Every structure is written in C-alpha cells, then in structure tokens.
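The block underneath contains the structure these notes are about, expressed in structure tokens.
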Amino acid sequence: MATETIELSGHIVDSLLLAKVLDMIVDAGVAYELVDVQIGRTNVDPSRARIELEGGQPDLDRLVDDLQVHGANRLTSGATTLVAADRDGVLPAGFYSTTNLATDVLLDGTWVAVENPEMDCAIVVAEGRARTIPMHRVVRGDEIVVGSGGVRVHAPAKTRGASAFEFMSSEVSSEKPKALIVREVADRMRAARDAGGRLLAVCGPAVVHTGGAPDVARLVEAGWLDVLFAGNGFATHDIEANVLGTSLGVSVAEGTPTEGGHSNHLRVINEVRRHGSIAAAVEAGYITGGVMAACVRRGVPFVLGGSIRDDGPLPDVYTDTAAAADAMRAEIRGVTVALMLATTLHSIAVGNCLPAWVETFCVDINQAVVTKLADRGSHQAMGIVTDVGPFIARLADALCGDA
Amino acid sequence: MAELSWGRRYLMCPPHHFGVLYEINPWMHAEVTVEHDRASLQWEGLVAALRLAGAEVVMMDPQPSVPDLVFTANAGIVNGNQFVPSHFRHPERQAETEIDAAWFAAAGFEVERLPSELDHEGAGDALPFTPDDGDTVLVSGYSFRSDAAGVTALGALVGCPIKSVQLIDPRLYHVDLTFCPLDGRRAICAPMGWDLYGRKVIEALVPEPLWLEDDEALAFCANSVVVGTTIVMPSAPPRVGRQLEAWGFTVVECPVDEFLKAGGGCRCLTLALDVTLTATRASAR
C-alpha cells in the first residue's frame, strides 16, 4: 500500500471538480480521506481540498496522473536536499532520519525507492540510487539527504497478506489459544518460504533453559530457518547442553543443579576457543548436536553479537557491536519472516534493522518484551505471550511433521 | 432582458500572414491551401458586420511567421485595464505571447503573467457569463489547450470565480467553440464538447440555454460574436436562427470558411476589449 496527497484548489465545488475528482478516485478503486477542506466563504474566495489517497502503487500513480489533468496536484514535499558529509562517521546536521517503512526520494523529478529500509539511519545518494546508511558507515563526501523535502514514506499495509492474523491484531495478550497461533505462524512461514522469502530466528538463552534447543535444531535440520541471530549466551548454553547435558549448570533432562555446574559453560567456551571456532569444534567432533551444530552442518549462517556481560566469549562472537550490527544487516536481505524467541535486547536490536514489512513474531513469557519491541519502532511485531519451550516444540511439530 | 455589458470594442488582426502552416487541431491540414484574397474579403466582411452592429474595432499589426495571430481571441484575458497574456501549449503559437503582451502594454494595459508552467489560451478558453441575478463568473475550458490548474491561477489573478469545464471533443478544442453568452439568461451551448460534470455546471449556470445539435456545434455556431442584440455567426442553421430571432436577436451570417480551415470562426478572430470581470476592478484602477 502506498499513499499520496493531492491538492485541488479553485472553484472546485460549484465547478463540480471536487465531485469529479472524488468519483474518479472511487472508480479507480483507491481509498481516500479528505484531510482538509476549506470552502471559500464568498463566491470569489477559492476553495481548497487536500485529499489523501491510499492504494497499490501502480493504481495510485496512474490515478494521480489522471487527476493532474483536472488540476489536482500531487503535494510533493519539495526537492530533495543533498549535503556532503564533511568527515567520516558524522552525518551533516539536519540529516533525514529514516523509519523502517518503504521510502522514496525525489531525484531529478522521479521517485527512487530507498534500498535496504532500516530505521534510525540516514539516506545516501550515489549515481541515481539511494540507500540507507548507518551513521558510523558514512564516509566523507557521501551525499546525504537533509530535511524531509523530497522524501515520501509509504504507509504500512493495513492488512497482512491472507488476513491470517487478523484475529491477533488486537493487543498483545496471553489469552489466545496457543495451538491455533502455532498453526497460523507455521502457515505464515510456509507462505513466506513459498514466496521465496528467508526465515530468521533470533534466540535467547531461555530457549535452551526451557528445553527448546532440540526443537530449534529440528527446524534448522528440516530447512525451516535460513538465518540465526543470537548472543554468546544462547550459543554457549546450546553447546553446554550438547556436551555436558546442562544449561547454566542445570541438567536439561532432570532440571536439577549438578555438582560444580556453575563453571560448565566456562569450560565449554574454553574448549571451543581451543578449537578456534564453533565450526571447527563441530568438525572435530567436540560438538555433536544442538542448534549451533545443526547450523554448521546445514550451512545456515549465524551472527553472534556480544555484550559486556559475556563470559569468554565464544570465538565466533562479534565483540565490536557496530561490526555485529553490520553482519546482521548483511544477513537480513530477503528475510520476510522473523521469529524473536525469548530475548529482549537482541529482539530490539534486530527489530531496529528490519524493514517494516518483515512479519515479526515475538514469543516471550513476558508481555512487556513485546510492548517494548513495538515501542522501539517495530510496530509490525506480533506478540505471542507464552513459554518459549512448549511453543517451539509445537511449531517444530507443525512444520517438520510435513517437511 | 439585460444585454451583455461587454462586446462593443474588439481587437482584430488583419490576415496578411494567415495560412495553415502546421496542424495543431483536427481541422488543420497543412496540404490545404488558404485562398488569401477570399480570406481577406471574409475578414473585411466580419469587420464591417461588427461595425454595422455598433462595435468599435481596433487593429493590431500582423506579423510574419505567426499565422494564427489573426485569432486574437487567444491573446489573453482582458479584465478592465488588466491583461493576462496566454501561455500557449503548442510551440507553434508560443511566439504570439510577447507580441500580444507588447501590444497591450503599449495600449496602456497592466500586463500580469500566469505561472510559466501552466497553459491557458485566453478568451479562447474563458468567457464571462453574468446571470441577471448574480455575479460574473468566467466559464473556462480545459484539457486540449489549457490546464485545469492554469484556471485556478487565472482566477487568482483576475479575482473572478471560475467554473471549469472539461472539453472532451478534440474538434471543439477551445471553450469558445462550445459556449457563447448572449445575455443575462441565455447562451448558445454545445454540450457535445463537455463531459457530464461540465454539462451540469452549465445547466446550473445558464437559465435558458440554446442547446446545439452536434452538426450545428461542428458548424461553429457557438463561435459567434455578440454586439448588443446582434449576433454575428459563421453559420446560422435555420433552427438556430429562428430560436435566436424569437428571443429578439438580429442574426447576421458572416461566412469565414477560409479561417475554418485553421479551426477558427468569428469569435476566434476577435477579442473583446471592454470586459470587466471584477466588479471593483475598473473603478479601483
């Protein structure tokens, strides 16, 4: 869905121009809203109507062209202003700060789609193309869009594909039938993969603690996940569970603390560091199962982002956060469904990088996580408030049963 | 019956350089030759008919390489001592704008310009109608030669309400081929030239329209010049003539078929100089 605003002025009421324009809009199957109508108070005063149109981009472009003949003008925000960055890693003052919505910029009179929509970035223009750029990537001399002139943002679609999730479009709630939700998520993942999209999972350590890791591994093995984002904790506990049968020292099978278990994860990290990488440890037979091993065997790329709380960390962990974000950006291309599994900060970090059209399902036992994700700008996130372990087991059953 | 408050003083341009040199409407065919002597005689006949009806005719000097300068109706919009020169859509006619602007400036008019990106072809696409019980409105056509947005800009310049009518038949490419105000109640109207909305606008505006049949419209009946109660017409089919005479008008048929080869009739060859659109305009300036 795209939006355009047009303005019509003059003696539009008694010339029936407004009526004609509205009729044309309706005939074109485009939704409209009269956002501002000023009717002249005397016969001589001109009237003015501002009309917001919403519809598919091709229909809309055709309609706006047709309406121009009748004096209805597209309200453009003016010309795009470009200012060259005067030093590396610093944007020009007044730079246009992006949203995660599909965005166009007006270059030489034509609207050009901005590549890689991502929130909280700037837009760089080079050779007639426009793309988002994070602040730290700016290089001196980059032509950066300044101000909001010549920038238009497409409204997000109001309905989601095959209306599968309309029943969930209400507030985040724990009071939803979980079996139904699992089936719907599975359907959306199937539809996304059929459409050629990539599927992303963002996993927190609780996935391992709650016994969900073997089910995530099943999804990876069966080809239902194309990219994995996690932190040092998730990968460590996944490996710990595989090698020592504990997660943070607690037996995954028994649920009881084990003797000296508090150092288990450190010993595992230490051994993986000895091998040089998770892939090397898998190859050497140190790691034989779990999510990380499945990713290595299936060639599913993973990005492990580090934090200051990390022990070790594992050799694959990015300790430079900017580098981690860039690695995630590189893997986000083509992702159309994202599962955020029991992780607060990592979900927000990933949500920040995702375009608004990526269907995002945030599974957490804590309702506040979902709310927080939406508050940080990922309004497309659908919240599923439940224990991640049983949820992922059911999802794996639903998908792998027929895979 | 209130006669038109305007139409007693006209600007015309002798057809020394007239010819069909290019094709910018369906009537024009470059292979058709204009018989210059005949054209001159017809033009002289029109001048004589207007003078006989009581109008004053003012001449502007013809210029080579702008053959359509003879169609002075397209020079621009006159409003008291204000003149808004046209912006022609076709490059073939764009050279006329400065010639017209210079003439009006020399004649003491205040020349005010339309925004350069908008097209409007003057009185050819805008004619005033003043209902007996109401204020003057400018009926303006758009699509083939004038922009709808140009009409809005024009309305702002002349301070007169404008009713826009979409023209839909390329043969009736200017509003003055479809609409001819006769007095405060009546007008000759060619509905075939307008879209449905335009027809409704005119129906609401003109209490007693004379609706032209399609063949009458294509004979340029609406492209007539009204001087008081005299109507000078390029052709007057019997049905039209009878109706006009029944209303008390004197109908004068003035053949200008040499000019029809370029898509212009009697009205196109004249520009009324005594039009006041804004009630306060003439006295204020």
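Averaged over the residues of peptide A:6-19, the number of Cβ atoms from other protein chains lying within 10 Å of each residue's Cβ is 6. Backbone phi angles across region A:340-347, fed through the Karplus curve with coefficients 6.51, -1.76 and 1.60 (θ = phi - 60°), yield HN-Hα couplings of 9, 9, 6, 8, 7, 5, 5, 4 Hz in residue order; Gly and Pro are listed as x. Remark on A:Ala130: its backbone amide H falls under 5 Å from those of A:Glu115, a criterion applied only to residues 5 or more positions apart or on other chains, H modelled at 1.01 Å from N. Each Lys and Arg adds +1 at its Cβ and each Asp and Glu adds -1 at its Cβ; summed about the Cα centre, the protein assembly as shown shows a dipole of about 1400 debye. Amide H contacts of B:Glu110: B:Gln82, B:Phe83, each under 5 Å away and 5 or more positions distant or on a separate chain (H built 1.01 Å from N in the peptide plane; Pro and chain starts excluded).
Listed by number, the DSSP H helices of chain B that run 20 Å or longer by alpha-carbon position along their axis and have mean Kyte hydropathy of at least -0.5 are B:36-52. In chain A, Rg over Rh equals 1.07, where Rg is the alpha-carbon radius of gyration and Rh the Kirkwood radius from pairwise Cα distances. At q = 0.11, 0.14, 0.20 Å⁻¹ the log10 of I(q)/I(0) for region B:108-233 amounts to -0.35, -0.57, -1.14, computed by Debye summation with a single uniform scatterer per C-alpha, solvent ignored.
Strictly greater than 20 Å: what percent of every Cα pair in region B:47-129 meets that? Within region B:47-129, distances greater than 20 Å cover 35 percent of Cα pairs. Taking every C-alpha pair closer than 8 Å and separated by at least 6 residues, the mean separation divided by the residue count of chain B gives a relative contact order of 25 percent.
Across region B:138-285, Cα pairs under 8 Å and at least six residues apart give a relative contact order of 18 percent.
Among the GluC sites (Glu not before Pro) found in region B:25-80, those both in a DSSP coil and sparsely packed, with 13 or fewer other Cβ atoms within 10 Å of their Cβ, are B:Glu31, B:Glu35.
Dipole magnitude for chain A: about 500 debye, using +1 per Lys or Arg Cβ and -1 per Asp or Glu Cβ, origin at the Cα centre. Centroid-to-centroid, using Cα positions, region B:245-270 and region A:298-320 are 88 Å apart.
Peptide B:193-205 shows a mean partner chain C-beta count of 2 within 10 Å per residue C-beta. Amide hydrogen proximity for B:Thr230: with H placed 1.01 Å from N in the peptide plane, the residues at 5 or more positions away or on another chain lying under 5 Å are B:Thr250. At most 11 other C-beta atoms within 10 Å and a DSSP loop state: those are the exposed GluC sites (Glu not before Pro) I care about. Give me the longest piece of chain A that has none. Answer - A:260-403. Between helix A:321-332 and chain A there is an angle of about 70 degrees, using the helix long axis and the longest principal axis of the Cα atoms. Just need log10 I(q)/I(0) for chain B at q = 0.08 Å⁻¹, Debye formula, equal scatterers on the alpha-carbon atoms, no solvent, rounded to two decimals. Taking Cα atoms of chain B as identical point scatterers yields -0.28.
Within the shell of other residues whose beta carbon sits under 14 angstrom from the beta carbon of A:Val83, the net charge comes to -1, with Lys and Arg scored +1 and Asp and Glu -1. Rounded to whole numbers, the Karplus 3J(HN,Hα) couplings from phi for region A:23-36 are 4, 5, 5, 5, 4, 7, x, 9, 7, 9, 9, 7, 7, 7 Hz, using 6.51 cos²θ - 1.76 cosθ + 1.60 with θ = phi - 60°, and x at Gly and Pro. A simple rule links phi to the HN-Hα coupling: the Karplus curve 6.51 cos²θ - 1.76 cosθ + 1.60 with θ = phi - 60°, which for region A:139-148 gives 10, 3, x, 4, 7, 10, 6, 10, x, 9 Hz, with x for Gly and Pro.
Counted by neighbouring Cβ atoms within 10 Å, the residues B:Lys200, A:Lys372 run from fewest to most as B:Lys200, A:Lys372.
Its alpha carbons considered, the protein assembly as shown gives a radius of gyration followed by a Dmax of 37.5, 123 Å.
Values in this text are rule-based calculations from the coordinates and carry no lab data. Please read these numbers as outputs of a predicted model, since none were measured by experiment. Glycine also receives a Cβ, built like all others from the backbone with ideal geometry; neighbour counts cover every protein chain displayed.
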